[in-house]
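*Asks:* Handing you a structure now.
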Amino acid sequence: MKIKRIDTLVCHARMRNWVFVKVVTDQPGLIGWGEATLEWHTRSVVGAVEDLAELLVGEDPTRPEHLWQMMYRQHFWHGHGIVRATAIAGIDLALWDIVGKVAGLPLAKVFGGPVRDFVRTYCHLGGGRMEDFYETSVDNAKRFADLARAAVADGFTAFKSMAVPSTLPIEGLKPVKAAEAAVAAMREAVGPEIEIMVDCHARPSPAMGLKFGKALDAYGLYFFEEPCWPECVDGLAKINAALTTPVATGERVTHLEAFKALFDQRACEICQLDLTHCGGFTAARRVAALAESHRIALAPHYPQGPVSTAASLEFGFSQPSYIICETVHNDVPWRQDVVQEGFTIEKKGRIVRPNTRPGLGITINEKAVKKHPFQQELAQRVFYSDGAVGDW
């Protein structure tokens, strides 16, 4: 069996262009699907997939570990830059999809069999609709409460909000009090049994991240996400040590050595590796083993397209330390036109039962994808109150 070609299909989904990777073999009808979505870098990723394809055409697709080593280590530059790591991930997911199809097994069974009966999921406020999640002002506590109630009414027992504003490296009490009011309103709206996460989007400095974390610690958050830049490992470690709320990070980390630095300094309690950015299943399984050795939980990052969601769920059914899956469902109204999925979602509690089909269990409707060709992603720019550039 040989790889015949590797294609990319780009599907515009407003804030993101989903980049689907299709590995075609010389066996009739045998293909694998992956995803290499990277916001605002679509053209770069598509080009990187084309570059990597030069290494792989003619190779055996059922050797994903060997091919991962080729993609990561050859062509001189190691593959941990975000563009190439994402391209490697998209191809790697598709290769493992082929392995599962050849074996006739869902990937969770290929990886050793399911370790749980279901995977719990959480949503973004607004279900992933950009305006609700990213553009609701932290000053609008009532809107946060309304969106929180809507998430619970939709069956979710956990949701994530961006209830921390962008700030200068050091500011006073005003933004902290606004964040606290928004979180207090959500907690009052849904009660103590619903899990609330707050995502800082790595906007704050370590000093401001610590201020926000201490102000929100009393509200029983499930986790406090990216309270400062992931490069500030010592800052993350200081915040994690100061709070009872677990710190979550890792979605912007692309290689094993960087995860090791996070874990060795106890900079988080929850690892949010992204299978589509850290090198796919092949790399993520090593990160998961390292996290388990530190007793750090897994809650992967997944606001992208449907292939990455299916990959995260297969990973979740195979990893003991996996606690919850991030999902979006209302980002575009035609999401389900693009994909057929092998797993089932129960509306009550929004829990997912295992995929029963081989590989990732998904089929991409290429005709539906073609209805949404590439468009430039919607720009997201942040400037501080004094006009300086901030982090989105």
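*Asks:* Express the accessible area of region 284-392 per residue in Å², computed with a 1.4 Å probe while the remaining protein chains stay in the model.
*Replies:* On a per-residue basis, 46 Å².
*Asks:* On to the next question. With just the Cα atoms defining each centre, how far is region 1-31 from region 305-325? Give it in Å.
*Replies:* Rounded to whole Å, the Cα centres lie 20 Å apart.
*Asks:* Using a 1.4 angstrom probe on heavy atoms only, work out the carbon and sulfur share of the accessible area of region 54-174 in %.
*Replies:* Carbon and sulfur atoms account for 55 percent of the accessible area of region 54-174.
*Asks:* What is the magnitude of the charge dipole of region 221-346 about its Cα centre, with +1 placed on the Cβ of each Lys and Arg, -1 on the Cβ of each Asp and Glu, and no other charges, expressed in debye to the nearest 20?
*Replies:* 360
*Asks:* Further question: Ratio of alpha-carbon Rg to the 2.2 N^0.38 Å globular estimate for region 204-344, to two decimals, please.
*Replies:* In units of the globular-protein estimate, region 204-344 measures up at 1.08.
*Asks:* Right, here's the next one. Would you mind estimating how fast region 158-210 diffuses translationally, via Stokes-Einstein at 37 °C and 0.692 mPa s with the Kirkwood radius over Cα pairs, in µm²/s?
*Replies:* Calculated translational D: 279 µm²/s.
*Asks:* Right, next: Out of L173, F223, P192, whose Cα points farthest toward the positive end of the dipole of region 144-276 (charges: +1 Lys, Arg; -1 Asp, Glu; placed on Cβ)?
*Replies:* So the residue furthest toward the plus end is L173.
*Asks:* OK, next. Carbon and sulfur together cover what percent of the accessible area of region 289-363 at a 1.4 Å probe radius?
*Replies:* 52
*Asks:* Nearest 10 degrees is fine. How inclined is helix 82-103 to the longest principal axis of the chain, computing both from alpha carbons?
*Replies:* Between the helix axis and the principal axis of the chain, the angle is about 50 degrees.
*Asks:* Put +1 on the Cβ of every Lys and Arg and -1 on every Asp and Glu Cβ in the chain; which of L262, N17, P204 then has its Cα farthest towards the positive end of the dipole?
*Replies:* N17
*Asks:* Defining a contact as two alpha carbons under 8 Å apart and six or more residues distant in sequence, what relative contact order in percent does region 7-117 show?
*Replies:* After rounding, I find 28 percent.
*Asks:* So for the chain, averaging the separation of alpha carbon pairs under 8 Å that are six or more residues apart and normalising by length, what relative contact order in percent results?
*Replies:* Computed value for the chain: 21 percent relative contact order.
*Asks:* With angles folded into 0 to 90 degrees, how steeply does helix 206-216 sit against the dominant principal axis of the chain? Use alpha carbons for both and round to 10.
*Replies:* Result, in degrees: 70.
*Asks:* No solvent, one uniform scatterer per C-alpha: report log10 I(q)/I(0) for region 220-286 via the Debye equation at q = 0.20, 0.21, 0.22, 0.25 1/Å, two decimals.
*Replies:* Taking Cα atoms of region 220-286 as identical point scatterers yields -0.72, -0.79, -0.85, -1.04.
*Asks:* Here is a follow-up. Give the shape of region 68-173 as rounded, prolate or oblate, defined through the alpha-carbon gyration tensor: a ≥ b ≥ c are the square roots of its eigenvalues, a/c under 1.5 means rounded, and otherwise the shape is prolate if a/b is larger than b/c and oblate if not.
*Replies:* The shape class here is oblate.
*Asks:* In whole angstrom, how far apart do the alpha carbon centroids of region 187-249 and region 88-144 sit?
*Replies:* 22
*Asks:* Compactness ratio of the chain: Cα Rg over 2.2 N^0.38 Å, N = residue count?
*Replies:* Taking the Cα Rg and dividing by 2.2 N^0.38 Å, one obtains 0.95.
*Asks:* Separate question: Towards the positive end of the charge dipole of region 300-368, with charges on Cβ (+1 Lys, Arg; -1 Asp, Glu), say which of N365, F317, I345 has the farthest Cα.
*Replies:* Of the listed residues, the answer is I345.
*Asks:* For the chain, with only Lys/Arg (+1) and Asp/Glu (-1) charged at the beta-carbon, what is the dipole magnitude about the Cα centre, in debye rounded to 20?
*Replies:* 540
*Asks:* Taking the alpha-carbon distance from K177 and a cut-off under 18 Å, which lysines remain once sequence neighbours fewer than 8 residues away in the same chain are dropped?
*Replies:* List returned: K142, K211, K214.
*Asks:* Moving on to the next point. Among rounded, prolate and oblate, which fits region 1-86 when a ≥ b ≥ c are the square roots of the eigenvalues of its C-alpha gyration tensor, a/c under 1.5 means rounded, and a/b larger than b/c means prolate?
*Replies:* Verdict is oblate for region 1-86.
*Asks:* Let me ask something else. For region 237-392, what is the percent of antiparallel DSSP beta bridges, rounded to the nearest 5?
*Replies:* Restricted to region 237-392, the bridges split so that about 55 percent are antiparallel.
*Asks:* For region 116-222, rounded, prolate or oblate, judged on the Cα gyration tensor with a ≥ b ≥ c (square roots of eigenvalues), a/c < 1.5 rounded, else prolate if a/b > b/c?
*Replies:* Taking the square roots of the gyration eigenvalues as a ≥ b ≥ c, region 116-222 is prolate.
*Asks:* Another question about this same structure. At 222 nm, what value in deg cm²/dmol follows for the chain if DSSP H runs of at least 4 each add -39500 (n - 2.57) and the sum is divided by all its residues, to the nearest 500?
*Replies:* Only helices count here, giving -12000 deg cm²/dmol.
*Asks:* Quick one: putting +1 on the C-beta of Lys and Arg, -1 on the C-beta of Asp and Glu, what dipole do you get for region 71-212 around its Cα centre, in Debye to the nearest 20?
*Replies:* I would put it at about 340 debye.
*Asks:* So, one more: May I ask for the distance between the Cα centers of region 327-362 and region 287-304, given as a whole number of Å?
*Replies:* 21
*Asks:* Considering only DSSP beta bridges where both residues belong to the chain, give the percentage that are antiparallel (nearest 5).
*Replies:* Roughly 50 percent of the DSSP beta bridges within the chain come out antiparallel.
*Asks:* Averaged per residue, what accessible surface does region 1-159 expose to a 1.4 Å probe, in Å²?
*Replies:* 40
The values are calculated or read from the model by the stated rules, or taken from the named source; none is laboratory data. Please read all numbers here as calculations on a predicted model, not as lab measurements. With ideal geometry, Cβ positions are generated from the backbone for all residues, glycine too; neighbour counts draw on all protein chains shown. What goes into the accessible areas is simple: the full protein's heavy atoms, side chains included, and nothing from ligands, DNA or RNA. Shrake-Rupley method; radii C 1.70, N 1.55, O 1.52, S 1.80 Å.
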